[in-house]
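Data block below; observations after.
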Amino acid sequence: MENKQITIIGGSGGMGQVFSKYFKNHGFQVTIFARDLNRLRKVAKELEVNFAKTLEEGLNNADIVMISVPISSTIGVIKKVIPYLKNNALICDITSLKSEIYEVYKQELNKYPINCLSLHPMFGPGITNMQNYMMLSIRIGGTKDYNILVDDLLELFRSDGLIIIETTPEIHDTKIALTLGLPHMFNILFLNLLKRSNNSLNELTRFTGTTFLLQKVFAESIIQREMEMFGEIQMENPKFLNVINDLVSLMNDYKHVIENKDKEKFNELFIDALNYSKYDVHFKRSYEYFYEFMKILKKKED
Ligand SMILES: NC(=O)c1ccc[n+]([C@@H]2O[C@H](COP(=O)([O-])OP(=O)(O)OC[C@H]3O[C@@H](n4cnc5c(N)ncnc54)[C@H](OP(=O)(O)O)[C@@H]3O)[C@@H](O)[C@H]2O)c1
């Protein structure tokens, strides 16, 4: 991989910077591109990588092009980039939704002799070490060298301890609705629900034991992240509406249980949840983890 040229479109953004540093540290010649030239220049200087003033300039010699732009811009950027790629180049996006993008790559592959891969890193810009984090990967297809090029890239990530899960667009979007959309939504709703009570969080914290404190800090960490992306992950994924429909139905059942003081049904829901979670890898030590987190929170408050 040494001396390969990689261009990162969106290289001045959060994830673009993570991958720029990553590839630079692995001996790649890194070029970044984005629209805001001042920011691009500043980031390129900080990261000690090249920057391209125009899209074409950034693509001419690239062996690999990574697309790291917001979800809603990704398809447009992919379509713009592909005609400029050299033969046999590898293009990969890292965006958080896959079904629509998969179809676009398939169409473009009929027109150009290139290679397409869709990746989804399951971490954010705050990451410092990729060890034991996950990256989802969807092989799309390309030239006769496709598997060699893709295997080389995935092997590089694996050599740094990143766990690569190969999947399909359909499975990806269905599961992401549950593993990203759902927890994001719960935390947005949690804070909005508390706001409606007209209690400040500081006031509520005075009445807090452990569970609320941990939940509150988790929600606060979510709400300070990328609003636009979180909205797109929920609104642009048709699978997420299924999750909301299930939730609404479950909430109606739950309301009924509480209104009617239906202990039997409450116990049934509780035990169903317990039985579902007890085969999970983190289940046995979850209470221990909980108190490890609490130790950190209590220390900070001293
Ligand atoms: N953040 C996360 O936790 C995370 C995790 C996994 C995957 N992802 C995925 O990673 C991608 C990037 O996310 P991010 O959080 O890094 O976003 P970000 O911080 O907002 O960065 C977006 C980058 O794209 C550039 N850009 C936007 N529109 C463009 C266009 N039309 N042409 C060229 N450049 C454009 C922006 O610069 P200019 O505005 O100057 O052009 C910026 O450099 C998204 O697809 C997201 O789904 C994010």
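Every number here is computed from the coordinates shown, using simple stated rules; none is lab data. As the structure is a prediction and not an experimental result, all values here were calculated from the model. Cβ coordinates were reconstructed from backbone atoms using ideal geometry, including for glycine residues, and neighbour counts include every protein chain displayed.
Report the Cα centroid-to-centroid distance between segment 118-175 and segment 75-101 in angstrom, as an integer.
Cα centroid to Cα centroid, the span is 15 Å.
Evaluate the charge dipole of segment 12-165 about its Cα centre and quote only its size in Debye, nearest 20, assuming +1 on the Cβ of each Lys and Arg and -1 on the Cβ of each Asp and Glu.
380
Quick one: which of 66-79, 163-176, 248-261 comes out on top by average Cβ neighbours within 10 Å, and what's the full order, highest first?
Result, highest mean Cβ count within 10 Å first: 66-79, 163-176, 248-261.
Compute, for the chain, the length of the dipole vector about the Cα centre, with Cβ point charges of +1 (Lys, Arg) and -1 (Asp, Glu) only. Units Debye, rounded to 20.
660
Points 7 angstrom from Cα along the Cβ direction at Val281 and Asn60: gap in nanometres?
Reported label-point gap for Val281 and Asn60 is 4.7 nm.
Starting from the Cα coordinates of segment 4-44, work out the convex hull volume and express it per residue in Å³.
About 51 Å³ per residue, rounded to a whole number.
Could you calculate the contour length gain from Leu191 to Asn132, that is, 0.36 nm times the residue separation minus the distance between their Cα atoms, to one decimal place in nm?
Gain in length upon complete extension: 18.2 nm.
Would you please calculate the Kirkwood hydrodynamic radius of the chain over all C-alpha pairs and express it in Å, rounded to one decimal?
Over the chain, the inverse of the mean reciprocal pair distance is 21.9 Å.
Let a ≥ b ≥ c be the square roots of the eigenvalues of the Cα gyration tensor of segment 5-167; is it rounded (a/c under 1.5), or, if not, prolate (a/b larger than b/c) or oblate?
rounded
Going by average Cβ neighbours within 10 Å, how do the peptides 125-137, 281-293 rank, with the highest at the top?
125-137, 281-293
Nearest 5 percent is fine: what portion of the DSSP beta bridges confined to the chain is antiparallel?
Of all bridge pairs located within the chain, approximately 20 percent are antiparallel.
Pairs of Cα atoms under 8 Å, at least six residues apart: use those to get the relative contact order of the chain, whole percent.
Value for the chain: 11 percent.
Can you compute log10 of I(q)/I(0) for segment 171-301 with the Debye formula, treating each Cα as one identical point scatterer, at q = 0.11, 0.13, 0.18 Å⁻¹?
-0.54, -0.77, -1.42
Using +1 at the Cβ of each Lys and Arg and -1 at the Cβ of each Asp and Glu in the chain, identify which of Leu119, Ala52, Ala89 lies farthest towards the dipole's positive end.
Ala52
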